Amino acid sequence: MPSLIIDGKEIAAEPGEKILWAALRSGIHIPHLCAMESADLPFGGCRLCLVEVEVGGRREMVTACSEPVREKMKVYAHTEKIERMRRTAFELIMSDHLIDCKNCPKRKDCELIRTASSLKMTLQPKNLRSLVRDLSIDDSHPLFAYDPRKCVKCGKCVLTCQGLGKSLLNFAYRGFEMVVTTFDHLPLASSGCESCLECVKVCPTGALYLKETGGRRDG
Amino acid sequence: MEESKQIEEILRRFHPERENLLPVLQEIQEKVGYLSREVMESVARFFHLPPSEIFSVVTFYNQFRRKPPGRNPIHVCLGTACYLLGGNLILDAFSRELQIKKGDTTEDGNFGLESTACFGCCNVAPVVKINSQIYPKMTPGTVEEVIINLRDKNKKG
Ligand code: SF4
Ligand code: SF4
Ligand code: FES
Ligand code: FES
């Protein structure tokens, strides 16, 4: 079994495994938002999982969720430089996020809140102007709803729906205008959704959420 | 009917391989003018791709439009001369006034908004062309006027 050294600590890894999962299993925390263990590459690019690896005496910046472990590789997950880049990445993510935790169905189980506290940051960006886009909630589906203003474009729902052979959700547009949406913005209820709710389960934020938490689920 | 024939004809000349997706979309748009929901669906079927992926590609590129150009397609020149004299401000003004983005058409199908390269009348830049008429020396202020006049004309005609 290959082993690697993260922040000076030697840990075991599966052959071919990505740095991120090996680290997490050994109790070394690396922030991450868009990575999925079932996928080779993340769809989004949150860049929260940045680490430095030593290659031939030089340090290189890589994303831990996509970089496979090499035997005896040296990884630095918490250098000052890395922390700084992560904080910038997180501010960027939060700069178009509708921060409304009080009314958010995910407030008790939100990856953004967890990430902010692990980075010792506030949810509200300090160095970037926040610009929440004028997008509306799709609550056409009886069981769940989608608030694009809380989507961080991690792509987990896209990958999940694709993995199930449906691909009803996808990225559209680009740059600041990028959104995750259905074909031609069809309402979820008429998008061909078969209500497996897997996308809701993987969404790290309050973007995809169950309408009723407990109670009448078939109502 | 005519339209779906044209599309069939285009598709017939291509293999349903991913690398042909862009050329197919470009050709359809050139022939038909825009990529409607139905067109995107046929293209998806042809390539055996999920429709959401076609939508992803179509919205990624500025060159594609998903609505007919509108009865009054507004072409704002962003050629060098016009650009330097604030062509993009004119575009923004139209965009604000009509509440549509570049490449879009108003709900009522009345106006479409487009940017283009030099019309060859740089001496009166910045220039806008609507229904083959040139509007010289535009300012953000005259944008509203132009739209009001066109709306009136449409009501009468
Ligand atoms: S998704 Fe998280 S950070 Fe955003 S409003 Fe909901 S609880 Fe707050
Ligand atoms: S809806 Fe949720 S899972 Fe999907 S991309 Fe947005 S944040 Fe990620
Ligand atoms: S978790 Fe690696 S880029 Fe998002
Ligand atoms: S640059 Fe606009 S007309 Fe020449």
Of the DSSP H helices in chain B, those whose Cα atoms cover at least 20 Å axially and whose Kyte score averages 1.0 or more: none
If you find the alpha carbon centre of the stretch A:21-62 and of the stretch B:1-74, how far apart are they in angstrom? 38
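Take the Cβ-Cβ distance between residue B:97 and residue A:196 as r, set R0 to 56 Å, and report the resulting FRET efficiency rounded to the nearest 0.05. Let's see the in-between values first.
Working: r = 44 Å, r/R0 = 0.79.
Using R0 = 56 Å, I get an efficiency of 0.80.
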Just grab the label-to-label distance for residue B:2 and residue B:123, each label 7 Å out from Cα along the Cβ direction, in nm (one decimal). 3.9
Per its Cα gyration tensor (rounded if a/c is under 1.5, else prolate when a/b beats b/c, else oblate), the protein assembly as shown is best filed as prolate
What distance in nm lies between label points placed 7 Å from Cα along the C-beta direction at residue B:13 and residue A:189? 4.4
Taking amide hydrogens as modeled 1.01 Å from N in the peptide plane, which residues meet the under 5 Å criterion relative to residue A:6, leaving out close sequence neighbours? A:11, A:75
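Once you average over the residues of A:173-185, how many Cβ atoms of partner chains fall within 10 Å of each Cβ?
4
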Quick one: among A:16, A:45, A:175, which has the greatest mean-square fluctuation in a GNM of chain A with alpha-carbon springs under 10 angstrom? A:175
Working note, the stretch A:89-213: Cα radius of gyration (Å, one decimal) and Dmax (Å, whole number) are 14.3, 42
Put a dot 7 Å past each Cα toward the Cβ at residue A:83 and residue A:14; how far apart are the dots in nm? 3.2
Give me a comma-separated list of calculated 3J(HN,Hα) values for the stretch A:158-168, in order, Karplus coefficients 6.51, -1.76, 1.60 applied at θ = phi - 60°, integers in Hz, x for any Gly or Pro. 4, 4, 5, 5, 5, x, 8, x, 10, 6, 7
Round to the nearest 10 and give me the degree value, 0 to 90, for the angle of helix A:80-94's Cα axis relative to the longest principal axis of chain A. 10
Rounded, prolate or oblate, given the Cα gyration tensor of the stretch B:23-132, with a/c below 1.5 counting as rounded? prolate
log₁₀ I(q)/I(0) of the stretch A:3-78 at q = 0.22 Å⁻¹, via Debye over equal Cα point scatterers, no solvent, to two decimals? -0.94
Any lysines with Cα under 28 Å of the residue A:211 Cα? List them, leaving off those in the same chain fewer than 8 positions away. A:102, A:106, A:108, A:150, A:153, A:156, A:166, A:201
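Bear in mind these aren't lab numbers, they're just calculated from the coordinates by the rules spelled out. What you see is a predicted model, and the numbers here were worked out from it, not measured in a lab. Backbone-built Cβ (ideal geometry, glycine too); neighbour counts: all protein chains shown.
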